[in-house]
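One structure is given here, and the rest of the page talks about it.
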Amino acid sequence: MNLDNLLDKLKMNGYKITVQRKAILRALAENHNNLITVENLFEKSKEIYPKTNMSTVYRNLEILEKLKLVYKVLTENGMALYKLVCSDKHHHHIICKKCGKTEVIDFCPIDNLKQIIKNKKFILTDHKLELYGYCLDCKNSEDS
């Protein structure tokens, strides 16, 4: 999703396009292939617009998450990482544990589990599948 699409979606949902919001969105767009921490997003947003503050970053991430424009992942230690939603089509990701690089997997194994879920009398409403490991660049840097 490009910056103009993000801005349009925010406007359509009644949100103003402030300079800080635009800086946050631009920082997310420039890092669209990687998961990013709030702190890193804050730093990158400040490079674009120095008056950006941390509370505005948090507030905007909440809005973007509510509008399903960002993807939030919680790490093993509870740290939240964010990434712009890359597609409206259902998919999953592989994620590098070192650099945060993400790749799309256009396969969903949930179809194989639907009957088991139905037998358990459970109504599935949503799911996420993230696979973690190391990208080739990070693996090669560790081997050197």
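Across the options 141, 36, 17, the greatest Cα extent toward the positive end of the charge dipole of the chain (unit charges at beta carbon of Lys, Arg, Asp, Glu) belongs to 17.
The label-point distance for residue 107 and residue 123, in a model that sets each label 7 Å from Cα toward Cβ, rounds to 3.2 nm. Of the cross-linked pairs 44/128; 51/72; 101/139, those separated by over 20 Å at the C-alpha level are 44/128; 51/72. Between the amide H of residue 70 and those of 65, 85, distances stay under 5 Å, these residues lying 5 or more places away or on another chain, with hydrogens modeled in the peptide plane. Taking amide H as placed 1.01 Å from N in the peptide plane, the amide H of residue 98 sits under 5 Å from that of 135, each at least 5 places away or on another chain.
Value of Rg to Rh for the chain, rounded to two decimals, is 1.02; Kirkwood radius and Rg both from alpha-carbon coordinates. Neighbours of residue 95, meaning other residues whose beta-carbon lies under 12 angstrom from its beta-carbon, give a summed charge of +2 when Lys and Arg score +1 and Asp and Glu score -1.
Return the FRET efficiency for the residue pair residue 115, residue 91: r is the Cβ-Cβ distance, R0 is 30 Å, and the value is rounded to the nearest 0.05. For R0 = 30 Å, the calculated efficiency reads 0.85. Against the chain, whose longest principal axis comes from its Cα atoms, helix 54-66 is set at around 40 degrees. Which residues in segment 32-61 have a backbone N closer than 13 Å to a point placed 7 Å from the Cα of residue 98 along the Cα-to-Cβ line? Taking a point 7 Å out along Cα→Cβ of residue 98, no residue of segment 32-61 has its backbone N under 13 Å.
Once the convex hull of the alpha carbons of segment 92-143 is built, what does its volume come to per residue, in cubic angstrom? Show your work: numbers first, answer last.
Working: hull volume 4.9 nm³, N = 52.
Residue-normalised Cα hull volume stands at 94 Å³.
Once backbone amide H atoms are built at 1.01 Å from N, residue 130 has no partners under 5 Å, excluding neighbours fewer than 5 places away on the same chain.
For the Cα atoms of the chain, what angle does the longest principal axis make with the long axis of helix 3-12, in degrees from 0 to 90, nearest 10? Its long axis makes an angle of about 90 degrees.
Coupling constants for segment 95-107 follow from the phi torsions by the Karplus curve (6.51 cos²θ - 1.76 cosθ + 1.60, θ = phi - 60°), and in residue order they are 10, 6, 6, 8, 9, x, 4, 10, 10, 7, 10, 8, 9 Hz; glycine and proline get x.
FYI, it's all coordinate maths here, none of it is from the lab. Remember, it's a predicted structure, so these values are computed and weren't measured experimentally. When we count neighbours, we look across all protein chains shown, and the Cβ atoms used for this are built from the backbone with ideal geometry, even at glycine.
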